[in-house]
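Following: one structure in structure tokens, then a few remarks.
Nothing in this text is a laboratory measurement; each read-out follows from the coordinates by a stated rule. Keep in mind the model is a prediction, meaning the values are calculated, not measured. For neighbour counting, all protein chains shown are included, and Cβ atoms are generated from backbone atoms with ideal geometry for every residue, glycine included.
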Amino acid sequence: MRRRRWACALIVLAVPLLLALLGPLFAGEPGPRGASFTTGGGHGAGTDFVGRDVWRQVLLGGRPVVLAALAATALAYAVALPLGLCGALTHRRWLDELLTRPLDVLLAVPSLLLVLLVAAVVRPGAAGIALLVALVNIPDAARAVRAAAAEAAARPVVEALRMQGESWARTALGCVGRAALRTLAADAGVRLTGVLYLVATASFLGVGAAPDAADWAVMVDRNRTGMFVQPWAVALPALLIVALTMGTNLLFDAALAGRTPRPAPGRERPPAPEPPPADATYPAPGPNEKDEP
Amino acid sequence: MTGLRPWLLRRLLLGAGQTVAVVLLVFALTEALPGDAAVALAGDQPDPARIAALRETMHLDRPAAERLVDWAAGLAHGDLGSSLVSGRPVSSYLADGFGPTLLLATLTLLLLVPLAGGLGVLAARHEGRLVDRLISAVTLGVYAVPEFALGVLLVTVVALRLEWLPPTAVGHGDDLTAHPAVLVLPVLVLLSRPVCSLARLVRAGMIDALAAPHIAHARRYGIPGARLRYAHALPNALAPAAQQLARTVDWLLCGVIVVEALFVIPGLGTVLMNAVAERDVPVLQGLAVVFAVTGVVLNLAADTVIYRCTPRAGVAA
């Protein structure tokens, strides 16, 4: 069962990912421009809105989407990890509040709206969009890191390390960070799909990428006018984006299924017998009793 | 229901804090950016006369704090300023786009809750069997797909190949209610992500809730299945879905912008995208405040409903 899910996810993801990463190597030199929105005539998938070969644009257009998404996810975590760890490990309540409350407020603003607001004033390039999307994702990521780390920080072993006088970095990274790693991996998967969504949607709305850029999302937007005569110029990049996002989500789900001791919401339950689920109608146990077996 | 009032008070305070923060944030992002806002806004046509005119209309010679106080005072009175491009008041832009967006959002929300709940309960009832596996696989896959890609593919197949539905809302003006066929695809696309995420959470919560001791006890008393599921288990299953509701509201607001651009519906999203293209800062600010405050209010409402359903789950306030 698990192997089948792996295979399924890999098949869906392989095509867009390989095209995105290796496509530019096979794209070759740009040919002469033909008429707009034609089918056939030496172009396998026809021509786009300015008469360029659609297949060549498809080969070139995956890399910006994938790279921007990866960079934004990495960047968001680079800020969220120290923030979340500080919030979870500090004994000063005001510091925790100071670090997490402003982020709660930021969570209230729709993420796409923030991106659009900034983009309207400064016109960011591809790097700017990655930065913006990372910024938008920091509150949520920091919250996830803090929650995962707070659970690990309440364990007796952390108290023991503290009493031994271990350094903060050793306690935070060596013990708490490692204990929270699995939860964080699950969160990173969710984050990556969210970031992919945001990067692609921003490009579709004309933010970040140049209007004639080789970018799958831009292609969908710009070639929409010729959809009646040349559907491939729209359908091909749209299909690839669907496969890319779907495949990423399926892959992370398959990778995490059966590994998490208590299934996260919506995930397949592990076959092993598990402890009785916490009853939602009873008050939750205190943080110290929570993870004792 | 003791404790509802203090909880509600704290939650309202948080909401008020969020509203104030949103107003500050919108102002900071659009006007207090480092550098000269007028030069940035002139953008592609850095003509000195235009920059001077922009500086004049936006009162950029006055300190930022003073402008913020003026703008915020105007907001409190419902005065959102007027457009840099046309000079029309921002509220008239809002009034123009409000109808179609409200129609889309209401239709989506009306369908979202029963659809997601129904799918989740259905999957949980048949846990591990074909129905469950099918629902789980589809919801997991569709959940991550951007609306525009899904929408474009739907338009290509349903509207252009099969010619069942119109591809866009072009030519129907503002009166969308008279042409329900125009609305089918937009609402479908708008529903895709939130339905999937909520259905998955309801399923997971329902499986946990059905295994809980109080449900087993109720079953021993002979309470019929449907009442057991919907009156005793479902309220508890909604608690984990509650945490996702904040995200769902966010997705709906983003989705509205994309769907309106895709299907050429003259709503608030279209007004917003036009303002972005024309760098019309007052219109942008007004729309951003309206969208963000809507988000805050919807989150507040969702949290309150959930708190009533499962008071001890203690939604964060």
*By counting other Cβ atoms within 10 Å of each Cβ, how are B:Glu56, B:Glu147, A:Glu29 ranked from fewest to most?*
A:Glu29, B:Glu56, B:Glu147
*May I ask you to evaluate 6.51 cos²θ - 1.76 cosθ + 1.60, the Karplus curve with θ = phi - 60°, for each residue of segment A:208-218 and list the ³J(HN,Hα) values in order in whole Hz, giving x for glycine and proline?*
x, 8, 5, x, 10, 5, 7, 8, 3, 5, 5
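What are the trypsin sites (Lys or Arg not before Pro) within segment B:109-209 that DSSP puts in a loop, where the Cβ has at most 16 other Cβ atoms within 10 Å?
Sparse-neighbourhood loop trypsin sites (Lys or Arg not before Pro): B:Arg129.
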*Using label points projected 7 Å from each Cα along Cα→Cβ, tell me how many nm separate A:Asp212 and B:Ala231, to one decimal.*
6.8
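What value in Å³ per residue do you get for the convex hull of the alpha-carbon atoms in segment A:1-149?
Numbers: hull volume 26.5 nm³, N = 149.
Residue-normalised Cα hull volume stands at 178 Å³.
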*Please identify every one of the chymotrypsin sites (Phe, Trp or Tyr not before Pro) in segment A:212-261 that sits in a loop by DSSP and has no more than 14 other beta carbons within 10 Å of its own beta carbon.*
A:Phe228
*For the residue pair B:Glu127 and B:Glu56, what label-to-label distance in nm results when each label sits 7 Å from Cα along the Cα-to-beta-carbon direction?*
7.1
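Enumerate by residue number the trypsin sites (Lys or Arg not before Pro) in segment A:1-74 meeting two conditions: DSSP loop (anything except H, G, I, E, B), and at most 14 other Cβ atoms within 10 Å of the site's Cβ. If you can, show how the numbers build up before the last one.
Working: sites: A:Arg2, A:Arg3, A:Arg4, A:Arg5, A:Arg33, A:Arg52, A:Arg56; in loops: A:Arg33, A:Arg52.
Sites meeting the loop and neighbour criteria: A:Arg33.
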*What list of ³J(HN,Hα) couplings, whole Hz, do you get for segment A:6-23 from phi and the Karplus terms 6.51, -1.76, 1.60, once you set θ to phi - 60° and write x for glycine and proline?*
4, 4, 4, 5, 5, 5, 5, 7, 4, 4, x, 5, 5, 4, 5, 7, 9, x
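Fewest Cβ neighbours within 10 Å first, please rank B:Trp71, B:Trp164, A:Trp94 accordingly. Don't skip to the answer; put the middle values down first.
Working: B:Trp71 22, B:Trp164 11, A:Trp94 8.
By the 10 Å Cβ count, ascending, the order reads A:Trp94, B:Trp164, B:Trp71.
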*Student exercise, segment A:97-170 dipole from Lys, Arg, Asp, Glu Cβ charges, in Debye to nearest 20*: 120
*Check B:Gly81: other-chain or 5+ apart residues with amide H under 5 Å from its amide H, H built from backbone geometry?*
B:Val90
*Quick one: A:Cys8, B:Cys254, fewest Cβ neighbours within 10 Å first, how do they rank?*
A:Cys8, B:Cys254
